[in-house]
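Student: Before I ask anything, let me first share the structure, which is written out below as structure tokens.
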Amino acid sequence: MSLTVHHLQVSQSERLPWLCEELDIPYTLVLHQRAPIFSPQSIKDLNPLGQAPVIQDGSLTLSESAACAEYIIHVHGNGKLALPPSHKNYADYLYWFHFANSNLQPLVLMVLQFSRIENAGPYAEGQLERFGKLLAFMDARLVDNPWLAGDEFTAADIMTVFTLTTMRAFYPFDLTGYPAILAYLERVVQRDGYKKARAKADPELGLMNEAKPPQSFVERLKAEGKI
Ligand SMILES: N[C@@H](CCC(=O)N[C@@H](CS)C(=O)NCC(=O)O)C(=O)O
């Protein structure tokens, strides 16, 4: 079977080309441009929810980046970048792999929506406070661990990094107060797999690992006269 990864540029589907580069497996990368903010018809034709990523493998079409990542790892990657139940860090691996899309990314999306509402109220303030706690929690984890699951780089890192980098073009949070996260991102952007994936998937984007947030995606569209 031959694997095709459909990547919506400037989006969390960047995880999958990065995974394929790290696994060093053959795949075809199809790039889709936002139109101008949401998915183009080409993604809607593949996924009724119109969300990326989408992968295709023979007759299979699959979405949800965590599901796609597990599929690619186990069907094409010989289990590499996932930790097995026998590994001492198995539970850490599971925790951080799921934390990315079950906690961190939904919370960022929530605080992004609240940031657009004036005087959003105590619930919004509570969520913003929780977001700060969550970053501090990740920072503490990364003080003594080079990678989220422990000593080894795993798919838990691939699931997480988008929210700390490219997502900041949508919700501009500053990482100045989180030195261990910044040191972690420095390790990430030094990886060949990350650099190769960025060059193929989003060549016009910087690495976005600095403390200050990158240029806003919406501001860029405005400057280009697209919205
Ligand atoms: N939980 C899903 C989220 C997918 C998702 O929301 N993708 C965004 C990209 S960041 C998207 O397709 N946005 C375009 C749109 O909704 O039209 C996953 O991890 O795959």
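The values are calculated or read from the model by the stated rules, or taken from the named source; none is laboratory data. Here the structure is a predicted model, which is why all the values come from computation and not from measurement. Backbone-built Cβ (ideal geometry, glycine too); neighbour counts: all protein chains shown. The protein model used for the area step is the full one, side chains on, heavy atoms only, and it has no ligands, DNA or RNA in it. Shrake-Rupley method; radii C 1.70, N 1.55, O 1.52, S 1.80 Å.
Student: Any residue in the stretch 35-48 that is more than 15 Å from the ligand (Cβ to nearest atom) and surrounded by fewer than 19 Cβ atoms within 10 Å (Cβ to Cβ)?
Tutor: no
Student: Going residue by residue through the stretch 71-86, is there one that turns out to be within 17 Å of the chain's Cα centre (by Cα) and open to solvent by 60 Å² or more (accessible area, probe 1.4 Å)?
Tutor: no
Student: Could you check how many residues of the stretch 192-201 are surrounded by fewer than 14 Cβ atoms within 10 Å (Cβ to Cβ) and without any contact (Cβ under 8 Å) to a residue 60 or more places away in the chain?
Tutor: Of the residues in that region, 1 qualify.
Student: If you don't mind, there's one more thing I want to ask. Being in contact with a helix residue (DSSP H, G or I) (Cβ under 7 Å, 6 or more places away or on another chain), closer than 17 Å to residue 164 by Cβ, modelled with pLDDT of 95 or more and assigned to a helix (DSSP H, G or I), is that true of even one residue in the stretch 111-124?
Tutor: yes
Student: Are any residues in the stretch 2-30 on the phi > 0 side of the Ramachandran plot and more than 12 Å from the ligand (Cβ to nearest atom), and if so, which ones?
Tutor: 24 - this is the single residue of the stretch 2-30 that is on the phi > 0 side of the Ramachandran plot and more than 12 Å from the ligand (Cβ to nearest atom).
Student: Would you confirm whether any residue within the stretch 164-171 is under 30 Å from residue 88 (Cβ atoms), open to solvent by 10 Å² or more (accessible area, probe 1.4 Å), out of contact with any helix residue (DSSP H, G or I) (no Cβ under 6 Å at 6 or more places or on another chain) and among the polar types (S, T, N, Q)? If you could, list the steps in order and put the result at the bottom.
Tutor: First pass over the stretch 164-171, keeping only residues under 30 Å from residue 88 (Cβ atoms): 164-165.
Then keep just the ones that are open to solvent by 10 Å² or more (accessible area, probe 1.4 Å); that gives none.
Looking through the stretch 164-171, none of the residues is under 30 Å from residue 88 (Cβ atoms), open to solvent by 10 Å² or more (accessible area, probe 1.4 Å), out of contact with any helix residue (DSSP H, G or I) (no Cβ under 6 Å at 6 or more places or on another chain) and among the polar types (S, T, N, Q).
Student: Here is a follow-up. Of everything in the stretch 50-70 that's closer than 18 Å to residue 9 by Cβ and within 8 Å of the ligand (Cβ to nearest atom), which residue is most open to solvent (accessible area, probe 1.4 Å)?
Tutor: Only one residue tops the list, namely 51.
Student: Residue pairs, Cβ under 6 Å, 6 or more apart or interchain, first in the stretch 202-227 and on the phi > 0 side of the Ramachandran plot, second open to solvent by less than 40 Å² (accessible area, probe 1.4 Å). List them.
Tutor: 208/165; 208/166; 208/214
Student: Keeping to the stretch 110-151, report how many residues are surrounded by fewer than 15 Cβ atoms within 10 Å (Cβ to Cβ) and small (Gly, Ala, Ser).
Tutor: Total satisfying the criteria: 6.
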